[in-house]
Structure formats: structure tokens, C-alpha cells
1. Treating only the Cβ of Lys, Arg, Asp and Glu as charged (+1, +1, -1, -1), what charge dipole size does the protein assembly as shown show about its Cα centre? Round to the nearest 20 debye.
2. Taking only DSSP H segments of four or more residues, each worth -39500 (n - 2.57), what value at 222 nm results for the protein assembly as shown once the sum is divided by all its residues, to the nearest 500 deg cm²/dmol?
3. Report the Stokes-Einstein translational diffusion coefficient (µm² s⁻¹, integer) for chain A, Rh taken as the Kirkwood radius over Cα pairs, at 4 °C with viscosity 1.567 mPa s.
4. Looking at the calculated P(r) for the stretch B:499-560, what percent of the C-alpha pair distances fall above 12 Å?
5. Exposed loop sites here are GluC sites (Glu not before Pro) in DSSP loop states with at most 11 other C-beta atoms within 10 Å. What is the longest stretch of chain A lacking them?
6. May I ask you to give the average projected area over all directions of the convex hull of the Cα atoms of the stretch A:156-231, in nm² rounded to one decimal?
7. Would you mind checking which residues have amide H under 5 Å from B:Ser536's amide H? H placed 1.01 Å from N; only 5 or more apart, or other chain.
8. Can you give me the accessible area per residue for the protein assembly as shown, using a 1.4 Å probe, in Å²?
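The values are calculated or read from the model by the stated rules, or taken from the named source; none is laboratory data. Please read all numbers here as calculations on a predicted model, not as lab measurements. Positions of Cβ are backbone-derived with ideal geometry, glycine not excepted, and every protein chain shown enters the neighbour counts. Keep in mind that these areas ignore ligands, DNA and RNA; they rest on the heavy atoms of the full protein, side chains included. Shrake-Rupley method; radii C 1.70, N 1.55, O 1.52, S 1.80 Å.
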Amino acid sequence: MSIKLEKVNKIYITGEVQTVALKNVDLEINNGEVIILLGPSGSGKSTMLNVCSGLDTPTSGKILIDTEDISAMNSKELTKFRRDNLGFIFQQYNLLQTLSVRENIEVGREVGVDPFTVEEIVEQVGLTPNIDKYPFQLSGGEQQRVSIARAVVKNPKILFCDEPTGALDEMNAKEILGIIQKLNEKFMTTVVLITHNPSIAIMGDRTIKLNSGEVVDIIVNENKQRASEIKWG
Amino acid sequence: MKINKELLKLSGDSMLFKNVLRTLKKQWVQLILLGVIIALSSFGYTSMDYSIGGILEPSEAYFDSSNQEDFSIDMLNFILEDDANYMVTSCGIDPMNLPPTLSLLKTIDSTCYDQIQTNRLQAITDKYDNIQLELRDYKDIYFNFGEDSYKLRVLKENHLIDMSHYVEGVAPITNDEIAISKTFAKSNNLDIGDAFDINGKDYTISGFVLVPDYSLAIFSSDLILDNKTQSPALMTDDEFENLSETNQFVIAGAFINGYNKDEFKTEVIDTYRNDTDLNFVTNVVLTENNIRSGGIYADLAGGKAESIGVSLIISLIALMIVGIMVSKVLNSQRGPIGLLKSLGYKNSEIALPYIFFISIMALPAIFVGYYLGYLFAVPMKDMILEFYLLPTIDVVQTWKTIIISVVIPFTFIIGLGYFLIVNMLNKKPVELLNPQVTSSSNWLTRVVSKYLKQLKITTKLKHLLLYRSSIKFYAYIIGMFFAAFLVLFSFSMSGIYDRMMVNYYERTEVQYIGYCDYVGVCEVGTGNEEVIDLPSVLLGSEEIEIVGLDPSTELHKLFDSKNRDITDDLSIENGIIITRSMSLTRGYKVGDELNLEIGSESRNVKIEGITEEYGGNKAYMARSSLSLLVNDTETFYNVVYSKTSLDTSKYMVVINTDDILKQADQMQRFFNLFVILMIGTSVVIGASVIYILTVMTIEDNFYNISLFKVIGYNNKEIDGMILGGYLGYGILIFILCIPIALLSFHLITIFFARYFNMMFPLKLELWQMGISLIIYVLIFYIGAFVAKKNLEKISLQEAMKLYQI
């Protein structure tokens, strides 16, 4: 699935203050690409991820995912669209503590049209021995794997990752990125990944640099590498 | 630098207060409802304590100075062998013309009557030490006042026990003077010095009197407390003797030499029935169990205890919810509190705004409740005095009540809040700054998860989300149970007075009751029915009233609790039908066999049915069978039932049941008002509890709801998982509450009947259960709707940043 942004603006109004989070963004993300969104705090990367994924609506402009204009959808339609096509991974794992690994993944699987089995995905993320454990019994890296499994079990076309390694050490972070990379290669899932760590850029097809709500640079990665080869810094 | 630091500190402190204020402002609805619950608990205790205190205190002094009886003894009016022998040998009465009753004897030979009574009293004091006795004679006068029938119980003045007490005016001095209760006088716009006609003679009111053996003007087994149409009264002794009405009597008794009621119970109450020398004694009742004189203590003390109990329960619920809310608010403040700690703020500085605002919320609510309770105490006291004939003093605030009603709950709430805050402040800053991670799953989750393994995840979540926090789950269950119980309880009180009083008269066709003279036969017109009514017989050694009816009666059919006509059961040989009130007070049931004694005759009888009547300890028997016990014929009767009016000149007394119902009106209005108040209060409390719990549980799930929306669950699916679980358990609790409530109501009814001789027939109809459930569910959905509206205001991505609590 491809994503196209056409003159997208996002302005937050709080009282009398207007904050321009995105300014006239034109962007295309191709099907199966791994896109790294890079930028300092306040650059608009989270906002871009939110509007691209339908978690938020742009103030103006269009967002097309394949041929569907998600910027014109209402809340109900957006929910359905997310259900059928999108997956999310957050920095803080966002697992349900009262559910086991299997059950957390089932939560994601339940809404899938043509989902994978829990066992398949658990194997992909390397958590088979832990399938019946609870989140509090897992390390941070393992919890993030569960989060990934939950996101991809329904076989989404696009995977949005908001700082998925932000809470992890280098070793675990590389493992997580490795899993995301593997899933992208295996299932041709488009990946949009937010990070503030420029070293992650080597695993992406392109890096989109944002600053003050604008796309300041788009770098095509001619020498795409494995996540395990990232020089963490 | 120092000044700047201090300024910074001040500015920092005020920021802390601002932060807490803004946080709490978002939950204003819950805080208001919490305030309502806290206020209600304070109100309940205060109003009851002050209103009853304004009565009980002067009453205790009055009972003391008037030497209120410690017990009373009922005796047979019928002449027994010893009495008959005395009449013949000492009074010289012709043995062929012996009067059958002491009442009749008094009209023939009052000296002989006095002596026989003295003999009887002597017989009792010979057996039992440490008691003092005095005979209380009285006569009931029926007369018309305006268009209504009135009744006065004229008591002969006592000089040792149950002495009269004048709240205003003086005792009657001349034979045309009368003293009555102030309530009776005021209800009829009478004052001291006014005269009113009693059966053709004018009596002038000399004073307003209280008599300690009649704290409640209950003169019959009917629960009629209409102080407008009946009153105890005193006349001069001469005038009392001149009255032509039948002389009746009871013995008033007091303990002396430090004797107490427990000793009396063991030595007298438990033994007198077996003493053949005391075969004229039919009943011995301690004052505390006697509703006309001492049930007052049980009533008021019980009412006070009940209101304290209810207040305590409400307070506990309020405190539980306060605890949960404070805990919730504080948990949402983990990050800011952690930040402040890391910045170097002291624990006391961080805690102060929270304690301050909890006080701001709790104290006004408690004060409002207290003050309203204090104000309401006066009309409540006046309302109580509509029925109780007792002295009163002005309502005065006491430190004891203020401490219990204000200081203690306030201290508790602040203490609880302080405890929760300190608990959090003892954590390390970094722990507070990081997201709260569940370090284990509770046993409930593990157990339920095991059993739900095979179900769809959406179904599992319905249950598992509830069990996330055991404490909150239990709080939810207890709160919902209590709310359901309150709503059901208040509905069960609806119609209580009708069941106790009105239904009986409306179910029978009897309009007029004519009481025949002791001698001679009274007229029985067409359509009238002959009845036997003996007010004092022994059944199983308890004194009861027995009524002999023909099984074919059309005017007075008997109906059981399911409204089935059981009159035919009277034709079963040696069968009797008892009233529900008798069954409750004595614990009798269908199939029990008892011994019926009338004078020297006795017979074993069997309870064949229970009629749904609450008018005292009464039994019904086939008239022919009862007649045989009275005079060896099958045709005896002493009362006539009629649908049409009776000629009053042909009967000793004629009672119109409409008059009884009219008298019951005021009592019914009081009961209905009380029930409406109870229902209203219960619904408000129940609704508040349900609303607060619902809103809190939805807010607790903001994170989960947002996560599900992000994943792609639609509103219907999310509602099913979140609300379905809570509502499902809520309805389950409600359904479980029903049998528990029904059993509780049954036990409450038995308890009041057995220990206080009070009928309190709580009953819950199916339709009331339905309405209760509808109210219950409606409030749940209103709470859920409001909570979900709040959720919609938070953007998805913001909601996802809220750490799961």
C-alpha cells in the first residue's frame, strides 16, 4: 500500500495560540518501502505519523492511501480503515497487563480480515517459549516483540512505528528493528518508522527529515543494510 | 538570591495548588455526588440524634419521676373458682347469680371487686419478692365529636406506679373536669379551659396530661395511632366510678430493692404459667416489649440505631469511594509528584494541596449534612410527637453529636487521603516518573483466565478487564450490591401500612361491628352474622384474641399470603387459623398443635392456616366449636357483623369500620411520606454510587478504549468489552441481591415482630423488582454515557500516552 500526502497542513489551536505542526507537506511513500522519519523534538514527525495513519485529521490537504482519501473519512470510516489495513507499534509497548502474550496478540488478530495464526507470528518474533507468559514476566525487548506481533498478526498493509526502540537498550533495539525489517521483507508491509536516532536510517529505503513541520530533506538510501549492522549512536 | 528563592518557592507552592485544583475540577460531577453521599450520612445521624435526643432525654426524667411500670400483668376478667368462692363466702353474693366477670362484679359490688383484686395481687407478691404492684383500672369511652367517632381511655389515677404528669394545667378537681393529651387537644383546636361534650355531658379541660403506661395511644390490637381521635384521659375518681362504661384493668408493676429485668425474666416470666395459684394471670410483659408504654425505647432507640447503622453503611460506602477516587487522582498524578520530588520539594509540600482540596470537598459536605440534620431535627421531632405522648425539650446542639457527625468522618476522610498520599510519596522519584508497571497479576485474573481459555478474546476481555485490580473489582461489586439492596429495600416498604392495616378492612365486607352485652342476646338482622369475639384466651399459654366465625361467612372471609380464600379451613375439626402477626411474633406455623384454654375449658387445636392480617395476636375458629368451649352449646355469639348500620341502642357498642379507616388515614399518610422519603433517598444514594462507580470504571479504561480504537475495534465492539462486562456483572449482582434482599426482609420482619412486637411487613412485588432493575440499568448507562463523552474530548494519540493504571 502506498501513501500520498498532498499539501497537508496541520495546525493546533490552543486558546489564542496557533501551532503549525505540519506545513504544506507533499510526500509519497511507495508500497513496501521502509521509511524513516527523522527529526528533532517538535519537528512534526509524530504529527505526520498520526495524520498518515488516521489517528488525527489534517487541517487541510489530502492523504491518500492507495486510492482512498483518508483525510475525508469520518471517525467510523477511519476506524474501519485502520482495522483492515494498518498496524501500530508504540514506544511504550502498550500491552494489556492482564492478558498473556497469546491473548495480547489475539486482541490484534480478532479484527483481522485474513490474519496469521498466533503461533506463526510468535515464531516470527521469536517468542514461542513465552507465549503463555504475562507482560510483567517479560523484559522490555520481549514486550516490544509482543507489541509487534499484535500489530502484524492481522497482516496489515502498512505498519506505523512510533519510536519503537525508544525504551530499549542497544541490543534489544537492534533485535526489534531486525524483526521489523524481516516482516517488511517477508510480507511486503510498508513501514513508516519515527526515530530521533539517525543511525537507524541505514535500514530504511529512504529517510525523510523534518524540521518545524516541513520536509527539509529526503535521502534515498543507496546502501540499505541489516538492522544488526546499525552503529548505535 | 534568598528573596528570589523564597519567591520561587511561593510561586512553586501556588503552582502545586493550581495543578491539583485543575485536576480535581475535571471530575466535578463525581465530587459533587460524593459530597452528596457524605452529606447524607452526616444528615442521617444528626437529624435522628437531635430529634430523638430532644425526646428521649426528658422522657427518661419523666419516666423516673412518674415511676413508670417495669412490667405489666394481664389477668382474666372471667371469674375463677377462688374468686367465686370469695364472692359467696365473703361478699355474700348469691351463688346462683354470680357475675361471670370482674367487670360486672364491680357494677354490683365494688368493695367485693376491690378485695378480689387485692387477693389476686397478694397472690402474686406472695410468690415473687422484689416487686411492687398496683391495679390500673380504666374505661373506654366512645363518643362523637363533630362527624367523627372518638375514643378516650379514662384511667383511674395511680399513686405508686405510672403516676400522671402534667405538662400544662392541673389535675381535674371537680367531676366535670378532664385532663387529656396535648396532642389530642391541639389536633382538635382545644385548649385548657375549653369544654367539649362527651355523650351528653360537658367536660372542661383542666390540664394536659401524660401517663407513662401510654407513651403510644394504642388502645387495641389495631395499629391506629390517631392522636386526633383518641387519647388517654383522667377524671376525678368519683367521676371515673360514675362512668357507665365497662371497667377494665391491668396490673402495673415495678422492681424494688435493685431487682432487674433479667432476674424478673428468669424468676417470673419463665415460671408463672406453671403456677396453678396464678391461673388468673394471662400475660406478663416487660415494659421494653410493651408497645404502648416501653416499646418506645425500642422504637426510638431502634430507630436511632437503625439510622446510625444506615448512616454508617452510607459512610463506609462514601469512604470506600473517596478512597478509590483519591487513589485514582493521585495515581494520575504520579508523574507530576515524581517530578516535584526530583526537584526537591518536601513530601509535606507536595501533600498539602491534596489534603487541602480533599478537605475543601469533604468539610462543606459534612457541615451541610450536619446543619440540615440539625434543622430537620425539629420537624422530625414534631412528627415523632404526633404519635408519641412524651415530654419534649428544644433541640440543642451537643458536642457529642458534632464529634460523631462531623469530626470523626472528616478525620477519617482526611486520614485516608493522607495515608494514600504518604504511601505514594514514599516511592522513589524515578519510580513515579516511569510508567507504572504491573509487577504481577492478581489471583482472580489468573483463575478466570484459565477457565475462559477457549473463549474469544473479546469475550475474555469482558471479564479480565474487570479483574485488573482486585480492590476496585470488590469495591465495584460491593457498591453495586449496596445500591441494589437500597433500591429494593425502599420499594419493599411501599404499601407497608396498607398491608399492616388497611388491607384487612378492605378485604372484609364487615362495615359495622356490634358488641353484645354480657347478659342477654343481641339482635341479629337479615344479612348479619353471629360471631364470637373473646379478647383474652390462652393459646399455648399466650394470651390472644380468638374469633369464632362460621366457615360459610360472607362478611369476613380469610385470605392467605397468596390471596387464596382459606375460610373453609375453619370447618376442619379442632382447626384454627392464626394471623400473620401472631405467626411472626410467636414463630407458629401451619401444622403446629397448641392448647386452647378458655376459662376452665381447654382443647387441643391445630393451626390449619395463616391469614394475612397484622392486627395483633389473633386466631379464628369455627364458631360452633368455640361456642362449645364457652357454654356447651353451638349457638353462642357475643358480636354481630353487619354490612348495614346497626341500631346502637340494641348493642353495648357499635363500631363503624370506616371510622377505623379514617383514623388510620393520618398514620397512613405518615407511612407513605416516610416510604417516599426512603425510596427517594435510597434511589439518590444508589444512583450516586452507580454513577460514580460507572464513571470511574470507564475512566479507568480510557487507555484500553483508546488502544482498541487504534487497533481498529469499532464502538459497538468496545462497548461490548468494556460496558458489557461491567453491566453484565452489575446485573448479575442485582439478580443475586434479590434473594438475599428477600431473605433479609423476611428476617427483618421476624426480628421486629419477635423482639419488639412491631409489624414491619416488607414485601417486594415482581413489578417492583423490574422497576428497580430499570432504574439501576438507566443510571449505569447515564454514567457510562457521560464518561464516554469525556473520552471523546481526548484525542486518540493523547489517550495512548496515558499510562495504564
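1. On the way: 89 positive and 122 negative charges, 1997 e Å.
Value, rounded to 20: 9600 debye.
2. -15000 deg cm²/dmol
3. Approximately 72 µm²/s, per Stokes-Einstein.
4. Considering the stretch B:499-560, 76 percent of its Cα-Cα pairs are separated by more than 12 Å.
5. Counting at most 11 other Cβ atoms within 10 Å as exposed, the longest clean stretch of chain A is A:17-221.
6. Values: hull surface 21.3 nm².
For the Cα atoms of the stretch A:156-231, the hull's average projected area reads 5.3 nm².
7. B:Ile546
8. Per residue, the protein assembly as shown has 44 Å² of solvent-accessible surface.
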